[in-house]
Amino acid sequence: MITSTTSKVIINKQTFKICLCFRRRFKLRAPDPPDDVKELFKAYSENDYMTLENLVTFLKEIQGEESATNEDAQAIFDSLKHLKIFHRNGLHLDAFFRYLLGDLNLAHTSMVHQDMNAPLSHYYLFTGHNSYLTGNQLSSKSSVDPIIKALKRGVRVIELDLWPNSSKKDVEVRHGGTLTSPVALNYCLRAIKDNAFIASEYPVVITFEDHLSSDLQAKVAKMVTKTFGDMLYCPKSDYLLEFPSPGSLKKRVLISTKPPEYRDSRHGRNNKQKQDQDQSEDEENSGNKAPDNKWLADAVKVRRLSLSEQELENAAKTHGTDIVGFTQKNFLRVYPKGTRLNSSNYNPMLGWMHGAQMVAFNMQLLRRPTKQQRLRPLLPRRVGPVQGLSPSFSLRIFFSRENSALVNARIDWKETPEAHVFEADLPKEEVKVDIEDDRVLQIRGERSADKEEKNDTWHRVERSSSKFLRLFRLPENAKMEEVGASMENGVLTVIVPKVEVKKPDVKAFEISG
């Protein structure tokens with residue numbers, strides 16, 4: 001007998017929460033070229049491709065570049081080769097459209113728009129600091145690559161630190177007293193020669209920080225002469241009354257150096273080579289106070305002086321006018337202080353305000369231009385480097401001591417319950433106060449002085465002049481039609497009444513109850 005039993009199996013039900021992650025990728029569609037671009041491309045292309053010759057014809061006939069060459073067209077081709085839209089047969093429509101929107105098709109080409117025939121000391125020069133370093137100032141590698149990049153950016157002043165190599169028989173470039181690796185001097189000179197005038201045809205200045213013995217200095221002189229040849233500028237006299245102009249120094253290389261004291265161990269004495277033309281960069285580790293006699297301009301010859309940012313800041317507190325007077329004829333170079341080991345930069349405006357022509361930047365870790373460099377195309381001539389000067393020179397408008405009171409005028413603005421009051425210490429010259437549209441108060445002054453006598457024969461006539469302009473945007477509560485101004489004891493006072501604020505009517509109610 002077979003007996004069957006039925007058993008119940010209980011299955012436990014479990015609930016699972018499942019999290020799904022997904023990613024969707026969308027590719028933006030590039031805008032199609034407009035119809036007029038398509039028509040132009042069709043007119044200057046063959047078989048849907050614009051060849052090198054077609055592009056040159058387009059540049060001349062449409063873009064108005066009458067001097068366009070095959071090299072210019074090839075540069076456009078090369079700028080598009082890294083894109084997937086480029087074809088070896090030439091430019092197709094998308095590549096041509098990309099070129100029209102690119103940096104090589106600017107609406108306004110960079111061109112010189114200022115007088116380039118003044119002495120070189122009348123211009124700001126785009127200046128680099130320790131131009132051979134690839135990174136920080138303490139342990140980075142020295143190479144020619146930073147020099148090449150700087151020159152292509154438009155830098156006009158390159159700094160090289162010269163030291164004897166380990167055998168004391170040759171010269172190398174490195175940052176002395178640090179862990180930075182060296183690079184051969186001849187490599188640096190060759191890189192400068194090959195890339196000096198790619199961004200600009202105006203002169204390149206090489207500043208040597210010299211730590212060499214006399215025999216190695218002679219070796220450097222032969223090396224420089226052999227490398228640059230006719231490109232090297234050699235003054236006819238050691239006593240220049242003024243520097244030559246940038247216009248006369250096109251595609252020329254200038255050397256600026258002052259050898260520091262060097263102890264020649266073979267003769268057991270100091271080889272002191274004192275030249276007032278330059279001030280050595282050895283002052284980086286010296287005190288921050290600049291001697292007073294530094295600002296005495298030499299009546300026989302012009303020279304160059306170098307100060308750290310801290311030295312300039314301290315000197316400007318007590319010798320600001322003297323610094324401005326010094327830079328009228330002589331060169332002043334400002335460099336970052338030695339504690340900027342990470343190759344950071346300082347605010348260059350203090351140097352520019354006092355006429356320093358060479359305000360040196362650390363270019364090593366500068367992936368993007370500094371704020372001041374980005375603004376360079378927009379700055380007025382008297383403030384700093386201007387992109388239009390190809391792109392590393394800017395004409396300086398410098399001021400004599402007699403004009404400094406007008407140039408450095410300070411204006412105070414205070415607000416009282418009744419009015420906005422502006423006060424300014426200005427010399428007794430022509431001062432004008434105007435109100436422009438959109439509530440802009442304009443205070444300007446001008447000094448003009450002519451030194452000339454008809455009865456004498458003048459070999460040189462100096463006319464000193466300066467201008468001052470300040471703009472203030474007034475608040476909405478200013479009564480623009482009732483502005484008043486007065487001048488008393490050299491103090492200009494401008495009063496702008498305020499609109500009376502109508503007090504709300506307050507009515508009292510009795511509370512009953």
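The values are calculated or read from the model by the stated rules, or taken from the named source; none is laboratory data. On a predicted model such as this, the values are computed, not experimentally measured, just so you know. Note that we place each Cβ from the backbone using ideal geometry, even for glycine, and neighbour counts take in every protein chain shown. Calculation scope for accessible area: heavy atoms of the full protein, side chains included, ligands and nucleic acids excluded. Shrake-Rupley method; radii C 1.70, N 1.55, O 1.52, S 1.80 Å.
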Being surrounded by 15 or more Cβ atoms within 10 Å (Cβ to Cβ) and in a loop (DSSP other than H, G, I, E, B): is that true of residue 73 here? no
Picking from 190, 156, the residue that is crowded, with 21+ Cβ neighbours inside 10 Å, basic (Lys, Arg) and touching a residue at least 12 places away in the same chain (Cβ under 8 Å) would be 156
In the range 5-25, what residues are hydrophobic (A, V, I, L, M, F, W, C) and either touching a Cys at 6+ places or on another chain (Cβ under 9 Å) or at pLDDT below 55 (or both)? 9, 10
Among the residues of the range 334-365, the number that are hydroxyl-bearing (Ser, Thr, Tyr), on the phi < 0 side of the Ramachandran plot and touching a residue at least 24 places away in the same chain (Cβ under 8 Å) is 2
Scan the range 350-363 for residues that are more than 23 Å from residue 141 (Cα to Cα) and surrounded by 19 or more Cβ atoms within 10 Å (Cβ to Cβ) and report the count. 8
Identify all residues within the range 18-43 that are under 13 Å from residue 97 (Cβ atoms), part of a loop (DSSP other than H, G, I, E, B) and of a type outside the set (Gly, Ala, Ser); write none if there are none. 31, 32, 33, 34
Go through the range 236-249 and give me each residue that's open to solvent by 50 Å² or more (accessible area, probe 1.4 Å) and either of a type in the set (A, V, I, L, M) or in contact with a strand residue (DSSP E or B) (Cβ under 9 Å, 6 or more places away or on another chain) (or both). 241
Just to be sure, is residue 146 open to solvent by less than 40 Å² (accessible area, probe 1.4 Å) and either touching a Phe, Trp or Tyr at 6+ places or on another chain (Cβ under 7 Å) or closer than 22 Å to residue 358 by Cα (or both)? yes
Filter result (more than 17 Å from residue 159 (Cα to Cα) and in a loop (DSSP other than H, G, I, E, B)) within the range 315-340: 327, 328, 329, 330, 339
Residue that is modelled with the highest pLDDT, among those in the range 454-485 that are exposed (fewer than 10 other Cβ atoms within 10 Å of the Cβ) and either assigned to a loop (DSSP other than H, G, I, E, B) or hydroxyl-bearing (Ser, Thr, Tyr) (or both): 476
Only one of 80, 28 is open to solvent by 80 Å² or more (accessible area, probe 1.4 Å), within 38 Å of the chain's Cα centre (by Cα), hydrophobic (A, V, I, L, M, F, W, C) and at pLDDT below 85; which? 28
Identify all residues within the range 59-83 that are within 13 Å of residue 96 (Cα to Cα), hydrophobic (A, V, I, L, M, F, W, C) and free of Cβ contacts under 8 Å to residues at least 24 places away in the same chain; write none if there are none. 59, 73, 80, 83
Considering the range 332-349 alone, what residues qualify as being surrounded by fewer than 22 Cβ atoms within 10 Å (Cβ to Cβ) and basic (Lys, Arg)? 337, 340
Right, residue 125: among the hydrophobic types (A, V, I, L, M, F, W, C), buried (at least 20 other Cβ atoms within 10 Å of the Cβ), assigned to a strand (DSSP E or B) and modelled with pLDDT of 85 or more or not? yes
Any residue at all in the range 209-216 that's in a helix (DSSP H, G or I) and in contact (Cβ under 8 Å) with a residue 12 or more places away in the chain? yes
